[in-house]
Structures are given as C-alpha cells and as structure tokens.
Protein chains: 2
Amino acid sequence: MAARKPLSRERILDTALAYVDEHGVEALSMRKLGQSLGYEAMSLYNHVANKDDLVDGLLDRVLAEMSPPAPDGGLPAIRASAIAAHEALQRHPWAAPLLMRGVRPGRMAYMEGLLACLRGSGLSAETTYHAYHIVDAHIFGFSLWEAGHSGSPPSHIDDMRGWFEQMVPVDRFPYLHEHGLQHLNDGPYLPVSAFEFALDLLLESLGK
Amino acid sequence: MAARKPLSRERILDTALAYVDEHGVEALSMRKLGQSLGYEAMSLYNHVANKDDLVDGLLDRVLAEMSPPAPDGGLPAIRASAIAAHEALQRHPWAAPLLMRGVRPGRMAYMEGLLACLRGSGLSAETTYHAYHIVDAHIFGFSLWEAGHSGSPPSHIDDMRGWFEQMVPVDRFPYLHEHGLQHLNDGPYLPVSAFEFALDLLLESLGK
DNA sequence: CGCCGTAAGTTTACGGTGTAAGATAGACAT
DNA sequence: ATGTCTATCTTACACCGTAAACTTACGGCG
C-alpha cells in the first residue's frame, strides 16, 4: 500500500489474472481491482479501454498458453495440443465460457491450426468439416463441463463426507451415492483421464 | 397493459422463460420482468423468494424437458435420452451453464438415472465411474460448446458473406475460410450430427 | 525562470442492478 | 367495526461500469 508502483497495462493484467484465477471472473470489478492495486477504479482506464478490453487481455494470456498443432503433425499433434489446451483451460476455469462468446485472434489461430492439421492428415474437406466440430467440441466442451463443476462442493467444508451424505442420501440416490464416494476416495480430480480416453476414441475413429 | 391478470409464480415463470429464451439470461432483470407483466419489480417477491429462486424455477422447467434413461433400457435408452437432453438444451441455450453451477433435484435425478442405466448395462462400478463422466461430459459439454457459439455471428447482419470475408480473410486463414463457407452453404446448424456421431462412438466403445 | 501541453490520477455523477424496509390498500373473518 | 392477512407500491441502499470534469506532476522550450 505504501510505496505504490506505477500503474501499467501489464501490472493491471497481472493482478487481474491472479484475482480471477482465484475468485472467478464474475467477482472481478474495476473498483476492487483498482483498490487491490492501491489506486482508484477510474485510474485503470488510463491503461485499459474498458472492462471488456481488460477481460480480452486476460483471455489473450490464456490463449497464449495453448498453441495450435503443427500443420504437418498429424493426429498425434492434434492429440498433444488438445491435451495442452485442456490443461490451460483447467488452470483458468473462468476462461472457457468467455472464449466461446467472442472470437479472439488467438482463438482463430487455434481454429486455423486445427483445421490445417486435419486437412494435412489426408482428410477431405467434408470429413474435416465434421471432424473439426467433433475435436473442438470435445476440447472446449469437456473443459466447459469441468469448469462448470468447479466450486460445486463449497470447497471450504470441514466435514465433506457428512455434507455429501446429507446432500445425496443413499436410499434415494444409491448410484449417485456410490459415484460420489468414488470421487471422495480418488481425490478431487479424476475426470482428466476421461478427457484423454474420449479424445483417443474420437481421434482413432478419424484415423481409420 | 390495461386489464392486468393477477400475478402468480406460474405466470412469472411463463413470462421469464419466454423472455430468457429470446434474450438470454443475462438480459433478465427483476425491473424489466415486472414491467413486462405490468407490475413493479418488488411485487414479484411476493411469489418468488429472490432472483436465484426465479432462475431455479426456470431451470426446473428445462430439466422437466429432459427425462433420464430407463434403468433397464441399456445403451439404447442412454442414447435416446442423451439426444432428448441435447435437444432441450438447444431449445434453452442459456440453461446449460447454470445447470452446471448448482445441482437441482431434477439434475440429480438425471445423474442417478444415467448411472443406474450404466450399471444396469452390466458395467462394473469402476467402469461406470469413468463411463458416466464420458457420457455426461459429452451431453452437457457439447451443449455448452454449442450454446457458446450462439450469437457469434451477430445474426442481424444483411451481408453475412461480406462480413465473413472481412472477418476471415482467405489469405491469412485459408482453412478457417473454407470451413466458414461450408457453414454458410449448409445453413446455420449442422453440428447436431457431430453430437450424435461422437455419442455413438462413445457408446459403442462402452458396449464392447 | 516562467509557461504550457500532456499524461495520470481523482472526484463526482448517472443509470443500471438486486433487494431490505416501510407504507398503503383491499379482502375477509370475527 | 375491528383486526389480520396478503398483495402491491414506494423509498432507499449498496454495488456495478464508466462519462465528464477536475487536480496534480512532469518534461520541453522560450
């Protein structure tokens, strides 16, 4: 608070990204962000056009973490880049929904790279058309699905087991109860394997 | 406006659902909803606890359109219910993200039904654990992916072709350009087939 | 030195949001 | 008539994004 560093777009984005990764994008406000930097909200507008511009800056940082597959890499390159993209979207769960809404340049580059790689794998234009939807929907759809689940267990509950038993009574939801117990035993995040399992299934069918 | 019918939870939900299906959930406000019913915003609170309660009511209506698979229906029942759920989520594109956030009773019933059907198909508890993630992530993930795309082309553009050519120049994005042209020729919505294609692929692998 | 332009930061204000609290009015039972 | 209950409206508060105007600091130039 005392000796405050000068404001800059980079510093604003740094702070905003850290905040958003922790509290979610809906919790971000110009007033709070300015305050946490030691300035007034309106001062941010000297370095950022408006809130959308700020969020776009955050999205570009996330997009910078996901590189498209090499055009001549074939299906293995698609697999690798899909996994990397999924991991980036796991690191920033708030980003996936916003990435779908508008099309940032980085997102277009990813689309182009994916399409190029599919065509480069010998697929026809028609096949590529459908294959693209399948692969892109899997990467982003699965990440959106995962991101939606984040925060579902209030995460600051001491007695997770008790909370679960009350929310999902065995007698009314026997199978859901069983499923929940598996999650509680496996630690928080197993679904990753489901991402790769389904991805391999889809890619294999495209390779035939 | 003149002779106004008395307010009721049902009437409020009717109006809100129609409004939200047309304008999206982020455009819904208590003031606008009240006004479009001929009442003040605060009057709605006599029939609805708060805005979250109202939105929950809307989500319950969407959930009522998707029934879980019959427990003894096997993979075909899962396929049918997945397609029905996907269609419901297409009718109400705003709903999918909200359905992921909190777990409504109807959503729990769907989860339970899907799990029961998987176990009933002879899958072990461990296999069901992963299969559930794959199937549920496909249904909701794909729907989320589709919903995210809605509104991407501003939809009220006369010269769609010209807009597209400017946004996606052939020389910089040749493959994306090709893909976009395919969409323009096919009409707005082909991806549906991708949903069923991938669904069958996933279910087939579970059947082996 | 004085002057001035420019950029950064602050203050104030406006219209929007959800909703708590209180006032009002009508219907109905005692 | 009196009390009670319910639905409605009015007012008010805290928060949001941000436009507009104001203050402050600084670098260049005579």
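The values are calculated or read from the model by the stated rules, or taken from the named source; none is laboratory data. In this text the structure is predicted, and so the values were computed from the model without any measurement. Backbone-built Cβ (ideal geometry, glycine too); neighbour counts: all protein chains shown.
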Original post:
What are the residues in the range A:107-133 that are within 7 Å of another protein chain (Cβ to nearest Cβ) and either more than 15 Å from residue A:203 (Cα to Cα) or in contact (Cβ under 8 Å) with a residue 24 or more places away in the chain (or both), if any?
Top reply: A:108, A:111, A:112, A:116, A:125
**OP:** Name the single residue, out of those in the range B:35-55 being surrounded by fewer than 18 Cβ atoms within 10 Å (Cβ to Cβ) and either charged (D, E, K, R) or under 20 Å from the mean Cα position of the chain (by Cα) (or both), that is nearest to DNA strand D (Cβ to nearest atom).
**Re:** B:40
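Mind checking which helices (runs of 4 or more DSSP H) fall wholly inside the range A:2-94 and carry at least 2 residues that are touching a helix residue (DSSP H, G or I) at 6+ places or on another chain (Cβ under 8 Å) and more than 23 Å from residue A:109 (Cβ to Cβ)? Explain how you work it out, then say what you get.
Numbers: elements: A:9-23, A:30-37, A:51-63, A:74-91.
Output list reads A:9-23, A:30-37.
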Subject >> Top-ranked residue in the range A:11-34 [being crowded, with 17+ Cβ neighbours inside 10 Å and within 9 Å of DNA strand D (Cβ to nearest atom); ranked as nearest to residue A:93 (Cα to Cα)] >> reply: A:28
**OP:** Considering (1) at pLDDT below 90; (2) surrounded by 13 or more Cβ atoms within 10 Å (Cβ to Cβ); (3) of a type in the set (A, V, I, L, M), say which one residue B:147 fails and leave the rest.
**Re:** (1)
Original post:
For residue B:136, all conditions in the list (1) facing chain A (nearest Cβ under 7 Å); (2) within 19 Å of residue A:144 (Cα to Cα); (3) touching a residue at least 24 places away in the same chain (Cβ under 8 Å) hold save one; what is the number of the exception?
Top reply: (1)
